[in-house]
Amino acid sequence: MSVTVFGSLNLDIALRLPAKAAWGQTLLVEDSAQAIGGKGLNQAVASARFGSVTRMAGAVGDDAAGRLLLEALGGDGVDTAHVEVLAGQGSGRATILIEPGGDNMIAVEAGANLLARAEVALGAIDAVTRVLLVQLETDIDAIAALFASDAAAHVRRIVNAAPAIPAGARLFGMADMMIFNQTEFADYLALDREPETLDDLLVARRLLARPDQTVVVTLGALGSAAIGVESATFVPAVPAERVVDTSGAGDCFCGVLAACIDQGVGLEAALRLANAAASLSVGRRGAAPSMPLRSEIP
Ligand SMILES: Nc1ncnc2c1ncn2[C@@H]1O[C@H](COP(=O)(O)OP(=O)(O)OP(=O)(O)O)[C@@H](O)[C@H]1O
């Protein structure tokens with residue numbers, strides 16, 4: 001049993017602004033923090049901390065950021081043998097500007113992430129791999145090639161359709177499970193408002209090309225739901241004791257859901273565990289650092 005995550009690795013720099021910013025302005029920041037990130041890396045950390053053997057596939061540059069990202073993943077027990085280190089390329093970087101009150105703007109430089117290759121990622125899938133989890137921060141052609149490969153024929157292919165980009169829809173027919181948040185769901189299905197109830201979510205069936213596919217939607221503080229051709233399951237969120245920083249909640253959910261499927265947990269119980277883990281993560285600062293250990297989840 002194991003989970004392979006093919007996705008992005010970024011070094012995030014978060015800058016806290018003293019006031020609302022306007023274009024053209026220069027502001028002195030009050031504090032800055034550097035953190036490891038990228039949807040792929042965050043989800044790999046969540047899966048590993050939930051106890052699944054986890055392999056990361058992707059690419060970093062041959063720079064200090066890349067070394068730091070690999071070292072941090074290794075510290076969480078994630079196998080990074082299939083993260084390519086690309087000579088002459090820069091690692092992915094995200095700059096996050098946070099205004100007082102929490103509103104933020106994020107600028108991402110994809111760097112090496114967009115050069116991550118399916119051929120390399122194939123090496124991270126073997127006979128005991130049960131789950132292949134991807135997001136949309138790497139090249140869509142590379143993901144499609146990976147999904148279509150013989151090596152991935154026996155695994156559950158999960159696409160977290162984030163961020164919402166039109167090309168991502170190409171993968172839906174090839175995936176066994178698609179995970180969206182409310183905004184992404186409304187985007188892909190061209191809805192005029194975000195879904196909130198199970199009834200709102202039934203339109204997900206338009207995305208199902210085969211009876212064995214499932215759409216999962218995360219609903220923030222409401223919880224999450226899964227829609228199949230003939231099934232619809234809603235699982236309420238676990239109320240968070242405190243909400244400190246929701247960044248990475250979606251990644252926590254995806255990583256834990258993938259680990260649950262790897263460990264043979266049924267879908268409804270998996271949604272419950274992923275909700276519980278994500279609820280813990282919103283009570284802590286940061287994305288990857290906020291992922292809980294299996295032992296912390298009731
Ligand atoms: N305030 C909250 N209280 C409890 N659980 C929460 C809260 N916010 C999020 N969650 C949990 O996290 C999961 C993912 O959250 P959400 O749907 O907001 O994803 P997201 O928009 O991808 O998150 P983000 O972009 O902030 O990482 C939810 O399904 C829920 O289980």
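Just so you know, all these numbers are worked out from the coordinates, no wet-lab data involved. The shown structure was predicted, so the numbers you read here are calculated from the model rather than taken from an experiment. Here the Cβ is made from the backbone with ideal geometry for all residues, glycine too, and neighbour counts use every protein chain on show.
Couple of notes before you dig in:
- Taking the DSSP beta bridges with both ends in the range 156-298, the antiparallel portion is around 55 percent.
- Karplus-derived HN-Hα couplings along the range 24-35 (A = 6.51, B = -1.76, C = 1.60, θ = phi - 60°), whole Hz, x at Gly and Pro: x, 8, 10, 10, 8, 7, 7, 7, 9, 9, 9, 8
- For the chain, the antiparallel share of DSSP beta bridges with both residues in that region comes to about 40%.
- Assuming charge only on the beta carbon of Lys and Arg (+1) and of Asp and Glu (-1), the dipole of the range 31-73 about its Cα centre is about 260 debye to the nearest 20.
- For the range 173-221, the relative contact order works out to 55 percent when only alpha carbon pairs closer than 8 Å and six or more residues apart are counted.
- Of the peptides 118-128, 183-193, the order by per-residue mean of other Cβ atoms within 10 Å, starting with the highest, comes out as 118-128, 183-193.
- In this simple spin-label approximation, Ala221 and Glu119 carry label points 7 Å from Cα along the Cα→Cβ vector, and these lie 5.0 nm apart.
- Calculated log₁₀ intensity ratio I(q)/I(0) where the Debye formula runs over C-alpha points of the chain, q = 0.11, 0.12 Å⁻¹: -0.61, -0.73
- When only alpha carbons are used to place a centre, the range 127-141 and the range 5-80 end up 18 Å from one another.
- If R0 equals 22 Å, the separation of the Cβ atoms of Val229 and Met1 corresponds to a calculated FRET efficiency of about 0.25.
- Relative exposure of Cys260, Cys252, judged by other C-beta atoms within 10 Å (fewest first): Cys260, Cys252
- Taken one residue at a time, the phi angles of the range 90-98 give Karplus couplings (6.51, -1.76, 1.60, θ = phi - 60°) of x, 5, x, 9, 10, 10, 10, 9, 10 Hz. Gly and Pro are set to x.
- In terms of other Cβ atoms within 10 Å, Met174, Met56 run from fewest to most in the order Met174, Met56.
- Straightening the chain between Leu202 and Asp103 buys 32.5 nm, computed as 0.36 nm per residue apart minus the Cα-Cα spacing.
- Counted charge near Glu84, where neighbours are those whose Cβ lies closer than 11 Å (Asp, Glu -1; Lys, Arg +1): -1
- Karplus 3J(HN,Hα) series, Hz, for the range 108-113 with 6.51 cos²θ - 1.76 cosθ + 1.60 (x for Gly, Pro): 10, 9, 5, x, 4, 3
- Ordered by the count of other Cβ atoms within 10 Å of each Cβ, fewest first, Ser295, Ser32 give Ser295, Ser32.
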